[in-house]
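Peer 1: Before we start, here is the structure in question, set down as structure tokens.
The values are calculated or read from the model by the stated rules, or taken from the named source; none is laboratory data. Keep in mind that what you see is a predicted model, and the values were worked out from it rather than measured. So basically every Cβ, Gly included, is an ideal-geometry build from the backbone, and we count neighbours across all protein chains shown.
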């Protein structure tokens, strides 16, 4: 069976979506399946030393979204369909709601087609997400096309149960995975780290408020920001809140992430209590922290808790917005080395069961059924 995985992301972008798509596609190869990852051309030259695909490469097809002076994702989608039809792919799946009309057209050519949702556009009466300029279009597409698919996948069970109220096709919860790292976190450094987007939706303000109200002496490092706008937003927040002694780093290429994060002691993931974070989020950073043995202090929301096995001790869940509880847990971790080591070992053991190769088995089974 030949599989095509279509995403409008530009290869080499500073984007969690690129990391997610690449490692998910690679996990198909690791499970002995023939897959092509179809993406857009890079926006800029990709430095060879920072090329994800340089080791154990997979088949990546890069297409342009330009036609003369015109540029649009729809041009890329049409070219993706032409490539798929001319190369006899059997199964096509995508994470892009904008591709749904083109995806459904492939069904006319006896292709099995699937959608992997990373959001929820079907009913905005339940949804405060307003950042997407295409939200109305995607709302139309999900309502019009989803029931024409062979099936769909979500990132967690709460998201699955949400979609099942609206569609009549099979929906399978397929959590993401992690790339195995080897380093261990450093208890003695007394450093807390956050890595990821600096969007308000991802809790950057909550992290800064927690640090500002800390009752225990530890350092905080913020790593990420997908672009200069997000980096400037974080810098401005730090200035407005008059917070000092924060290490602020820009985007770190994924293959270098281990060297940066493994110097920290604790991973932090504080999320606002909203619809997106309750039902839809499946943050890469949580898995990155676990893969390096960092104990994690994390907001207790259904979507995130669903990603962690019941009874696991390496991730400490706290009520959203509870700064006092957050600092108390950080203090306990960084003053009790035996407790810290217990949580570190727990996450290292868990990481063996959360590798992309294993996690993707559920998605593969859903598409092959």
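Peer 1: Can you find a residue in region 125-133 that is within 23 Å of the chain's Cα centre (by Cα), assigned by TED's automatic domain parsing to the domain that holds residue 24, modelled with pLDDT under 95 and under 19 Å from residue 167 (Cα atoms)?
Peer 2: Within region 125-133, the first condition is being within 23 Å of the chain's Cα centre (by Cα), and the residues that meet it are 126-133.
Filter again for assigned by TED's automatic domain parsing to the domain that holds residue 24, leaving 126-133.
From the residues that got through so far, the ones that are modelled with pLDDT under 95 too are 126-133.
Now narrow it down to the ones that are under 19 Å from residue 167 (Cα atoms): 126-127.
Looking through region 125-133, at least one residue is within 23 Å of the chain's Cα centre (by Cα), assigned by TED's automatic domain parsing to the domain that holds residue 24, modelled with pLDDT under 95 and under 19 Å from residue 167 (Cα atoms).
Peer 1: Another question about this same structure. Looking at (1) in a strand (DSSP E or B); (2) exposed (fewer than 15 other Cβ atoms within 10 Å of the Cβ), which is the one condition that is false for residue 3?
Peer 2: (2)
Peer 1: In contact (Cβ under 8 Å) with a residue 12 or more places away in the chain, surrounded by fewer than 21 Cβ atoms within 10 Å (Cβ to Cβ), touching a helix residue (DSSP H, G or I) at 6+ places or on another chain (Cβ under 7 Å) and more than 23 Å from residue 352 (Cα to Cα) - does that describe any residue in region 279-292?
Peer 2: No, that holds for no residue.
Peer 1: Which residue, of 110, 74, is more than 24 Å from residue 19 (Cβ to Cβ), in a loop (DSSP other than H, G, I, E, B) and out of contact with any helix residue (DSSP H, G or I) (no Cβ under 6 Å at 6 or more places or on another chain)?
Peer 2: None of the others qualify; the one that does is 110.
Peer 1: With (1) outside any helix (DSSP H, G or I); (2) assigned by TED's automatic domain parsing to the domain that holds residue 161 as the list, and residue 362 as the residue in question, which single condition is left unmet?
Peer 2: (1)
Peer 1: When you scan region 257-272, how many residues do you find that are within 17 Å of residue 284 (Cβ to Cβ) and in contact with a helix residue (DSSP H, G or I) (Cβ under 8 Å, 6 or more places away or on another chain)?
Peer 2: 8
Here is a yes/no grid of residues against (1) under 19 Å from residue 16 (Cα atoms); (2) at pLDDT below 95; (3) surrounded by 17 or more Cβ atoms within 10 Å (Cβ to Cβ):
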{"residue": "247", "(1), (2), (3)": "no, yes, no"}
{"residue": "254", "(1), (2), (3)": "yes, yes, yes"}
{"residue": "268", "(1), (2), (3)": "yes, no, yes"}
{"residue": "273", "(1), (2), (3)": "no, yes, no"}
{"residue": "295", "(1), (2), (3)": "no, no, yes"}
{"residue": "302", "(1), (2), (3)": "no, no, no"}
{"residue": "316", "(1), (2), (3)": "no, no, yes"}
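Peer 1: Still on this structure, I have one more. Using the structure shown, decide if residue 235 is touching a residue at least 24 places away in the same chain (Cβ under 8 Å) and not assigned by TED's automatic domain parsing to the domain that holds residue 117.
Peer 2: Values: touching a residue at least 24 places away in the same chain (Cβ under 8 Å): no; not assigned by TED's automatic domain parsing to the domain that holds residue 117: yes.
No; evaluated as a whole, the condition is false for this residue.
Peer 1: Please return the ranges of strands (runs of 3 or more DSSP E) entirely within region 156-226 where 1 or more residues are over 17 Å from residue 293 (Cβ atoms), under 22 Å from the mean Cα position of the chain (by Cα) and not assigned by TED's automatic domain parsing to the domain that holds residue 279. Don't jump to the end; show me each part of the working.
Peer 2: Working: elements: 171-173, 191-196, 219-224.
Those strands (runs of 3 or more DSSP E) span 171-173.
Let's see how each residue does on (1) in contact (Cβ under 8 Å) with a residue 40 or more places away in the chain; (2) surrounded by fewer than 19 Cβ atoms within 10 Å (Cβ to Cβ); (3) at positive phi:
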| residue | (1), (2), (3) |
| --- | --- |
| 97 | yes, no, no |
| 109 | no, yes, no |
| 133 | no, yes, no |
| 148 | yes, yes, no |
| 155 | yes, no, no |
| 162 | yes, no, no |
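Peer 1: A further question follows. Which one is modelled with the highest pLDDT among residues in region 41-58 that are within 29 Å of residue 365 (Cβ to Cβ) and surrounded by 14 or more Cβ atoms within 10 Å (Cβ to Cβ)?
Peer 2: Selected residue: 58.
Peer 1: Exactly one condition in (1) farther than 26 Å from residue 160 by Cα; (2) outside any helix (DSSP H, G or I); (3) in contact with a strand residue (DSSP E or B) (Cβ under 6 Å, 6 or more places away or on another chain) is not met by residue 271; state its number.
Peer 2: (1)
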